[in-house]
Amino acid sequence: MVYFRRPGESRSPQNLKDAFGTVRDIITEAARCTQPGVRGFEIDAVAREILLDNGYPVYQHALGHQLGRGVHDGGAIIGPRWERYGRTPMIELEGGNIFTLELEINLPGIGCVGLEEDALITQSETRFLCPRQMELTVR
């Protein structure tokens with residue numbers, strides 16, 4: 001996630017910094033909740049609650065999906081119990097699964113403030129596959 005300052009801006013807008021921090025913190029909390037035996041809708045609900053508690057509208061997709069050879073590989077998702085997802089949010093997650101954790105906040109006049117992090121579920125923790133973006137990059 002990179003923000004390119006507009007002419008005359010010396011720093012990024014505060015509402016952008018706040019939204020970025022919320023997205024980052026939701027992914028952190030979602031990873032903490034992502035463990036073997038937990039169902040995807042339970043993790044997604046935590047993310048949506050944090051988003052609403054911070055005054056943002058909810059995103060209109062799942063929080064995450066499995067990764068594999070076919071990118072959106074596997075049967076489980078980390079998402080809400082919406083009809084379009086069928087039973088996939090009710091599947092228990094397993095050690096060895098790799099999931100994305102991704103969401104965005106859309107800010108009028110700025111655009112999409114989002115991150116996508118990939119994480120491996122082990123028996124004892126969830127490990128991110130790459131170093132995470134913890135700070136907003138501003139150019």
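Some observations on this one:
- Contact order relative to length of the range 2-138, as percent, for alpha carbon pairs under 8 angstrom and 6 or more apart: 29
- Computed helical MRE - 222 nm, the chain, DSSP H runs ≥ 4 contributing -39500 (n - 2.57), nearest 500: -8000 deg cm²/dmol
- Listed residues 129, 16, 93, most fluctuating in the chain (Gaussian network, C-alpha, under 10 Å): 129
- Footprinting exposure proxy ranking of 23, 38, 46, 2, fewest other C-beta atoms within 10 angstrom first, gives 2, 38, 46, 23.
- Pairs of alpha carbons in the range 2-138 whose separation is greater than 19 Å (percent): 50
- Positive-end residue of 91, 16, 115, charge dipole of the chain with Cβ unit charges: 16
- The stretch between residue 49 and residue 130 holds 26.5 nm of extra length on full extension. This uses 0.36 nm per residue minus the Cα-Cα distance.
- Net charge over other residues, Cβ less than 11 angstrom from the Cβ of residue 39 (K, R count +1; D, E count -1): -1
- Rounded to the nearest 20 debye, the dipole magnitude of the chain is 380 debye, with +1 charges on Lys and Arg beta carbons, -1 on Asp and Glu beta carbons, and the Cα centre as origin.
Here, each number is a calculation from the coordinates, and none is a lab measurement. If you're wondering where the values come from, they're calculated on a predicted model, not measured in any experiment. In this analysis, Cβ positions are derived from the backbone assuming ideal geometry, glycine residues included, and neighbour counts consider all displayed protein chains.
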